Amino acid sequence: METVWFAIIAFMLVCYVVLDGFDIGAGIVQHFVGRSDKEREVVIRAIGPVWDGNEVWLLATGGTLYFAFPALYSAAFSGFYLPLIMVLWLLIMRAAGIELRHQLDNPMWTKFWDFVFSLSSILLAIFFGAALGNVVRGVPLDSTGYFFEPLFTDWGTTGATGILDWFTVLSGVVAFVALAIHGANYLAHKTEGEMNARARKIVSVAWFALVLVTLASLAAVLNVRPTILDNYYFLPIGWLIPVGVIASLAAIKYFNIKGDDKKAFLASSVYLAMMLGGAVYGLYPNVLPALDPQYSLTVQNAKAGAYGLSVGVIWWSIGIVIAIGYFTFLFRTFKGKVVVGEDH
């Protein structure tokens, strides 16, 4: 049952990365796709009906984590207290940037909140990538099951580690580039004319950077955690994940050249899912690896009670059907292009 919940949380995390990922990516590229105030308003309107719903996946994932693996929730939320507070403020400022830019019809006001929205999106992408890098690298858990990390130390991946080091920063760069492309694909799908052309251009140019940082991150992961391939050798079906990464990268480029924005967006969604899924697959059964492996939190020693996990699957199944139905209705309701100077 603990493995089932491990898969459930991985699924919910993928949903968050894919859905809120294009919101964050839209913020990253907002000033490149939108050259004027009216065009930047189109970027906001393109994500306006869905962005807050997409963020709920993050809350739902945290709540599910608390239910299924309370020891992990306790250790992670205390050890990562500083970066989590920073992420919380970035989420608040990003929401403020979206909601407050429309409150006054003043160029300085709207430009300021557009800047806040973009900067918060950029930093969120980097911090989320760095968070995944910390999990892959491992944290300094001790026999008590807790840890603390400062923001940075000597930028090394061993010894007295910090939240930021060369590996976690590289992970943040991968997330930044990947989400920028994902957001640009979404905006290309939702816009027309010059904005559509600019969004496609971003994808076309940034794709080369994405290939480069993807290869660099693979080499870095094998250097920092070589045991991540053990599960792939034990259960070879996992090799379909890197195949999926390669195929999705090729598909992003192919559909971008063809001008099929919807399929390019789906391809970047698959890329994000495969990259995150590959890390999860390699880390299992660890849910929070320790620098000293004997102190790692696993699905066995971090899980909740068996009865709660069994009953929880029933209620989660009901909830996820409702959630998927709601999001299907939402995206179908607000499908179509967003045009400068016109209603959605």
Item checked: Test: Phe327 is of a type in the set (Phe, Trp, Tyr), over 20 Å from Val139 (Cα atoms) and in contact with a helix residue (DSSP H, G or I) (Cβ under 8 Å, 6 or more places away or on another chain) -> yes
Check: Does at least one position in region 142-151 carry a residue that is outside any helix (DSSP H, G or I), out of contact with any helix residue (DSSP H, G or I) (no Cβ under 8 Å at 6 or more places or on another chain) and under 23 Å from Phe80 (Cβ atoms)?
Finding: yes
Note to self: Please pick out the residue among Tyr16, Tyr73 that is in contact (Cβ under 8 Å) with a residue 24 or more places away in the chain and surrounded by 17 or more Cβ atoms within 10 Å (Cβ to Cβ).
What the structure shows: Tyr16
Next item on the list: Test Ser268 against the criterion of being in contact with a His (Cβ under 9 Å, 6 or more places away or on another chain), at pLDDT 95 or above, under 30 Å from Glu192 (Cβ atoms) and buried (at least 16 other Cβ atoms within 10 Å of the Cβ), and give yes or no.
Entry: yes
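Any idea which of Phe176, Phe128 is of a type outside the set (S, T, N, Q), part of a helix (DSSP H, G or I), touching a residue at least 40 places away in the same chain (Cβ under 8 Å) and closer than 25 Å to Pro285 by Cβ?
Phe128
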Check: Applying the selection to region 156-169, what residues are crowded, with 20+ Cβ neighbours inside 10 Å, free of Cβ contacts under 8 Å to residues at least 60 places away in the same chain and either over 20 Å from the mean Cα position of the chain (by Cα) or more than 17 Å from Gly79 (Cα to Cα) (or both)?
Finding: Phe167
Check: within 21 Å of the chain's Cα centre (by Cα), farther than 25 Å from Ile228 by Cα, buried (at least 19 other Cβ atoms within 10 Å of the Cβ) and β-branched (Val, Ile, Thr) - does that describe any residue in region 77-97?
Finding: no
Notebook entry, point to check: Looking at (1) β-branched (Val, Ile, Thr); (2) assigned to a helix (DSSP H, G or I); (3) modelled with pLDDT under 95; (4) surrounded by 14 or more Cβ atoms within 10 Å (Cβ to Cβ), which is the only condition Ile324 fails?
Noted result: (4)
Margin query: Suppose we keep only residues that are in contact with a Phe, Trp or Tyr (Cβ under 8 Å, 6 or more places away or on another chain) and within 11 Å of Thr168 (Cβ to Cβ) within region 140-155. Which one would you say is surrounded by the most Cβ atoms within 10 Å (Cβ to Cβ)?
Written below: Glu149
Margin query: Would you confirm whether or not region 289-296 contains a residue that is closer than 21 Å to Thr144 by Cα, in contact (Cβ under 8 Å) with a residue 12 or more places away in the chain, part of a loop (DSSP other than H, G, I, E, B) and over 26 Å from the mean Cα position of the chain (by Cα)?
Written below: yes
Check: So Ala76 clears everything in (1) part of a helix (DSSP H, G or I); (2) out of contact with any strand residue (DSSP E or B) (no Cβ under 8 Å at 6 or more places or on another chain); (3) small (Gly, Ala, Ser) except one condition, right? Which one?
Finding: (2)
Notebook entry, point to check: Has region 32-47 got any residue that is under 30 Å from Thr144 (Cα atoms), small (Gly, Ala, Ser), in contact (Cβ under 8 Å) with a residue 60 or more places away in the chain and surrounded by 22 or more Cβ atoms within 10 Å (Cβ to Cβ)?
Noted result: no
Next item on the list: Mind telling me which of the residues Lys253, Lys303, Lys337 ends up being under 30 Å from His189 (Cα atoms), surrounded by 13 or more Cβ atoms within 10 Å (Cβ to Cβ), of a type in the set (Lys, Arg) and in contact (Cβ under 8 Å) with a residue 60 or more places away in the chain?
Entry: Lys337
Checklist line | Long-range neighbours under 8 Å by Cβ, at least six apart or interchain, first residue closer than 18 Å to Tyr284 by Cβ within region 213-225, second of a type in the set (Ser, Thr, Tyr) | finding: Val224/Thr157
Next item on the list: Go through (1) loosely packed, with under 11 Cβ neighbours inside 10 Å; (2) closer than 20 Å to Phe77 by Cβ; (3) among the small types (Gly, Ala, Ser) and name the single condition Ala290 misses.
Entry: (1)
Next item on the list: Please indicate, with yes or no, whether at least one residue in region 200-213 is within 21 Å of the chain's Cα centre (by Cα), at pLDDT 95 or above, part of a helix (DSSP H, G or I) and under 30 Å from Leu72 (Cα atoms).
Entry: yes
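The values are calculated or read from the model by the stated rules, or taken from the named source; none is laboratory data. Since this is a predicted model, take the numbers as computed values, not measurements. So basically every Cβ, Gly included, is an ideal-geometry build from the backbone, and we count neighbours across all protein chains shown.
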